[in-house]
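Throughout, read-outs are computed from the coordinates displayed, never taken from laboratory work. Values in this document were obtained by computation on a predicted structure and should not be read as measured data. Heads up, the Cβs are rebuilt from the backbone with ideal geometry, glycines too, and the neighbour counts pull from every protein chain shown.
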Amino acid sequence: MSQSANFGVRRLATTSLVYPAESAIPEWSPGAGLYLAVAGIKVCAGSYDAAPGWGDAHWPLFTLDLSDGSFAGLGLPPAREPTLESIQTIRAGTCAVGFLTFNVPIGKAPVAVEFNEGHRYRWLTR
């Protein structure tokens with residue numbers, strides 16, 4: 001899980017993938033036939049502060065590729081904090097880690113975390 005991406009920040013990489021994961025809200029579950037997977041995403045700034053501007057424009061471009069060739073989209077509410085979208089500014093020469101939560105159908109296993117913004121970046125889970 002170490003491929004880098006460059007789209008306004010110096011480095012983007014996965015740091016972890018946990019599945020099945022527990023919800024941060026004990027009374028909430030992902031729904032019948034689903035489990036949660038949580039990916040840690042590390043974002044690093046170069047020589048200048050970076051403002052990745054995740055918001056609605058970027059973080060939905062992450063998917064979780066599954067063993068049958070399909071993919072899982074992001075799930076809400078987040079299972080782990082801080083969320084990737086909450087990272088607004090990264091100081092020059094530093095990194096921040098945020099988490100993404102995915103709803104995965106039972107019986108399917110994650111094989112890669114993917115970011116696609118005109119160019120496809122994949123981080124294999126094994």
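Order of 65-74, 99-108 by packing, highest average Cβ count within 10 Å first?
Numbers: 65-74: 14.7, 99-108: 18.9.
Answer by packing, highest mean first, reads 99-108, 65-74.
Working from the alpha-carbon coordinates of the range 11-124, get Rg over Rh, Rh being the Kirkwood radius. Working shown, then result.
On the way: Rg = 14.2 Å, Rh = 14.5 Å.
Dividing the radius of gyration by the Kirkwood radius yields 0.98.
Can you give the percent of C-alpha pairs in the range 57-106 whose distance is more than 16 Å? Please list the in-between numbers first.
Numbers: 590 of 1225 pairs.
Percentage above 16 Å: 48.
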